[in-house]
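The values are calculated or read from the model by the stated rules, or taken from the named source; none is laboratory data. These figures come from a predicted structure and were not determined experimentally. Reconstructed Cβ throughout: ideal geometry from the backbone, glycine too, with neighbour counts over all protein chains shown.
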Amino acid sequence: MNQQTIRLALLGHGTVGRSVRQILIEHSDRIREVIRQRTNRSIELELVGVLVKDLGKHKELRDATADAESLFGPEVDLVIELLGGLEPATGLIKQALAQGKDVVTANKQALFRAKGELEALAREHRVSLAYEGAVAGAVPILRSIRSLATGEITRIEGILNGSTNYILTQVAGGMPLEQALTEASQKGLLEADPTSDVEGFDAMYKLGILTYFATGHYPSDEQIERRGITGLSEAAIAQARAEHKKYKLIASADFKRQQYSIKPVAIGADHELYQVEGARNGITLWHEFAGELSFQGPGAGGFETASAVIGDLIDTVCHRLLRRQYD
């Protein structure tokens, strides 16, 4: 049996990128064995380079480069995009797909803002675009939605942002909102500019991706009612506490009514997301045949998100091998 080498380019070496690289190096035997079991093909995975913004901060990486074009040669088969943000990430994803390279990404903002363009480009060039890590970190929610294609998903509700859920968990315990925001920042749960988290943009991107997986369409910004947590008053928080409720930033999609929202909601102990605490994510969906299904787990973190990225990598390599077999 001939052994094939799949050459990978890793774009980004932040928290998730470092974790992905470490797993690729330390667990390569397991990854190759899983692929062999699925495809009956023996392969090698070769990381040809890592794109970083500042070489001076990554002196320990012998394969680091600040030149993106050097990682887009014909020898590269698969690109793992973990830069985040819109640019240059979106342009690099498009370039990879147009060149016939498979892409694995966790870039929720690029996917949502492209509104299906990236998926269409992947179909046009007959390559894979996988992004389980873009929604809910380690929780395999996109895989689960894909497996529920036997019937219609009518509604989804979820806590999709771990940072704000941590903040609101502290608030429910009696901590003032401003103090909880400061503590979350000190723990590294918020970026220097926390707007995306606390104003609901991060959750909006993720809800859009869930909607695409469930319906085949991305909602527009205008369709999504979005309110962050900074507008919560101390009076509203005290009222919820008096009623034995607590606020959660709930992402909701009702596909029958085409109603979408991201907003703080005071929920009681009978709500399916009431016990989702700290920086965890929780998602409940309603399916035509399967009924109500709930998922919960780490929504962020280096190795947590990397687990989803590596899962996508394995699937993508398997699809690539089988696709080439029948081309």
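In the stretch 162-179, what count of residues is obtained for those that are modelled with pLDDT of 95 or more, polar (S, T, N, Q) and either part of a loop (DSSP other than H, G, I, E, B) or under 20 Å from Phe201 (Cα atoms) (or both)?
Residues flagged as modelled with pLDDT of 95 or more, polar (S, T, N, Q) and either part of a loop (DSSP other than H, G, I, E, B) or under 20 Å from Phe201 (Cα atoms) (or both) within the stretch 162-179 amount to 3.
If a residue must be of a type outside the set (Asp, Glu), free of Cβ contacts under 8 Å to residues at least 40 places away in the same chain and more than 23 Å from Phe72 (Cβ to Cβ), how many such residues does the stretch 28-55 contain?
The total comes to 6.
Does Glu304 satisfy the condition of being of a type in the set (Asp, Glu) and in a helix (DSSP H, G or I)?
For Glu304, the condition - of a type in the set (Asp, Glu) and in a helix (DSSP H, G or I) - is met.
For the condition buried (at least 18 other Cβ atoms within 10 Å of the Cβ) and within 21 Å of Glu152 (Cα to Cα), what is the one hit in Tyr205, Tyr247, Tyr218?
Tyr218
Do any helices (runs of 4 or more DSSP H) lying entirely in the stretch 73-153 carry at least 2 residues that are more than 17 Å from Leu8 (Cα to Cα) and of a type in the set (A, V, I, L, M), and which ones are they?
Ranges flagged: 108-114, 117-124, 141-147.
Give Gly151, Gly162, Gly173, Gly158 a once-over and let me know the one that is surrounded by fewer than 19 Cβ atoms within 10 Å (Cβ to Cβ), under 30 Å from Glu288 (Cα atoms) and in the same structural domain as Ser294 (by TED's automatic domain parsing).
On inspection, the qualifying residue turns out to be Gly151.
When the residues of the stretch 285-305 are filtered to those that are hydrophobic (A, V, I, L, M, F, W, C) and modelled with pLDDT of 95 or more, which remaining residue is farthest from the chain's Cα centre (by Cα)?
Only one residue fits best here, namely Phe289.
Scan Gly311, Gly268 and give me the residue that is under 26 Å from Glu243 (Cβ atoms) and either out of contact with any Phe, Trp or Tyr (no Cβ under 9 Å at 6 or more places or on another chain) or surrounded by fewer than 14 Cβ atoms within 10 Å (Cβ to Cβ) (or both).
Gly268
Here's the yes/no breakdown for (1) under 19 Å from the mean Cα position of the chain (by Cα); (2) of a type in the set (S, T, N, Q); (3) at pLDDT below 95; (4) under 26 Å from Gly173 (Cβ atoms):
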{"site": "Gly200", "(1), (2), (3), (4)": "yes, no, no, yes"}
{"site": "Met204", "(1), (2), (3), (4)": "yes, no, no, no"}
{"site": "Ile209", "(1), (2), (3), (4)": "yes, no, no, no"}
{"site": "Thr215", "(1), (2), (3), (4)": "yes, yes, no, no"}
{"site": "Tyr218", "(1), (2), (3), (4)": "yes, no, no, no"}
{"site": "Gln223", "(1), (2), (3), (4)": "no, yes, no, no"}
{"site": "Arg227", "(1), (2), (3), (4)": "no, no, no, yes"}
{"site": "Thr230", "(1), (2), (3), (4)": "no, yes, yes, yes"}
{"site": "Glu234", "(1), (2), (3), (4)": "no, no, yes, yes"}
